[in-house]
Amino acid sequence: MVAVGTGDGVRWLFRALGATVVVGGRSMTPSYGELLDAVQAIAADAVVVLPNDERVRPGAQRLDGLTPKRVRVVGSRNLAEGLAALHAYDPDAPLEDNVAAMESAAHSVRSGEVVQAVGDSAGAERIRAGEWLARTPEGLASVAPTLLEAARDLLERLTADDAEVLTVLE
């Protein structure tokens, strides 16, 4: 497996779960060449790729035609979905069964992030530099003056229904 990740802790988690890690994430998108090199370096005929970012997925989906290996891409949109997918991996299962199980696990996750605005924005919602944004893969959840308020807003949204497990990565 190849997983795109950034940050020492996240890379450690992915490696501990058996993935080869390519540095990427919100601010560092790996090139097609870096992804292809990682796929080629794996001693297997079939490789599963976890892009963990919407911007990486299109390039990852082209890998299957660039190598003699069978490459399948799990549509993980972020690190939380990638970790869930890795937990579903069964080394004894056929490739397509693994991909289906990993897709299901990835898409069962509710995820979000809190980031600080670096500049003003006059989009659909006015955002000022320094404000805190709570985001989900579906879009902006809230804008708050403090990290604590944004994190609370995000947690309320993510745990509103039948959530069972909460994982926080810094």
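Restricting to the range 1-15, and then to whatever is open to solvent by 10 Å² or more (accessible area, probe 1.4 Å) and assigned to a helix (DSSP H, G or I), can you tell me which residue is farthest from residue 82 (Cα to Cα)? Steps first, answer last, please.
To start, the set of residues in the range 1-15 that are open to solvent by 10 Å² or more (accessible area, probe 1.4 Å) comprises 1, 6-13, 15.
Right, trim to assigned to a helix (DSSP H, G or I) and you get 8-13, 15.
On the way: 8: 16, 9: 14, 10: 10, 11: 11, 12: 13, 13: 11, 15: 12 Å.
Only one residue fits best here, namely 8.
It is to be established whether one or more residues within the range 18-30 are part of a loop (DSSP other than H, G, I, E, B), modelled with pLDDT of 90 or more and open to solvent by 40 Å² or more (accessible area, probe 1.4 Å).
Yes, because at least one residue in the range 18-30 is part of a loop (DSSP other than H, G, I, E, B), modelled with pLDDT of 90 or more and open to solvent by 40 Å² or more (accessible area, probe 1.4 Å).
Under the condition of being at pLDDT 90 or above and not polar (S, T, N, Q), which residue from the range 44-55 is most open to solvent (accessible area, probe 1.4 Å)?
Across the range 44-55, the extreme among qualifying residues is 45.
From the list 104, 121, 108, which residue is of a type in the set (S, T, N, Q), in contact with a strand residue (DSSP E or B) (Cβ under 6 Å, 6 or more places away or on another chain) and on the phi < 0 side of the Ramachandran plot?
Working: 104 fails: in contact with a strand residue (DSSP E or B) (Cβ under 6 Å, 6 or more places away or on another chain); 108 fails: in contact with a strand residue (DSSP E or B) (Cβ under 6 Å, 6 or more places away or on another chain).
Selected residue: 121, the only one of 104, 121, 108 that is of a type in the set (S, T, N, Q), in contact with a strand residue (DSSP E or B) (Cβ under 6 Å, 6 or more places away or on another chain) and on the phi < 0 side of the Ramachandran plot.
Yes or no, residue by residue, for (1) more than 15 Å from residue 137 (Cβ to Cβ); (2) of a type in the set (Asp, Glu):
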position: 22; (1), (2): yes, no
position: 45; (1), (2): yes, yes
position: 55; (1), (2): no, no
position: 64; (1), (2): yes, yes
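Filter the range 3-58 down to the residues that are without any contact (Cβ under 8 Å) to a residue 12 or more places away in the chain and of a type in the set (Lys, Arg) and list them by number.
Result: 15, single match.
Only one of (1) more than 24 Å from residue 11 (Cα to Cα); (2) of a type in the set (A, V, I, L, M, F, W, C); (3) surrounded by fewer than 21 Cβ atoms within 10 Å (Cβ to Cβ) is not met by residue 41, so which one is it?
(1)
The values are calculated or read from the model by the stated rules, or taken from the named source; none is laboratory data. The model shown is predicted, which means the values in this text are computed figures rather than measured ones. With ideal geometry, Cβ positions are generated from the backbone for all residues, glycine too; neighbour counts draw on all protein chains shown. All accessible areas refer to the heavy atoms of the entire protein, side chains included, with ligands and DNA or RNA removed. Shrake-Rupley method; radii C 1.70, N 1.55, O 1.52, S 1.80 Å.
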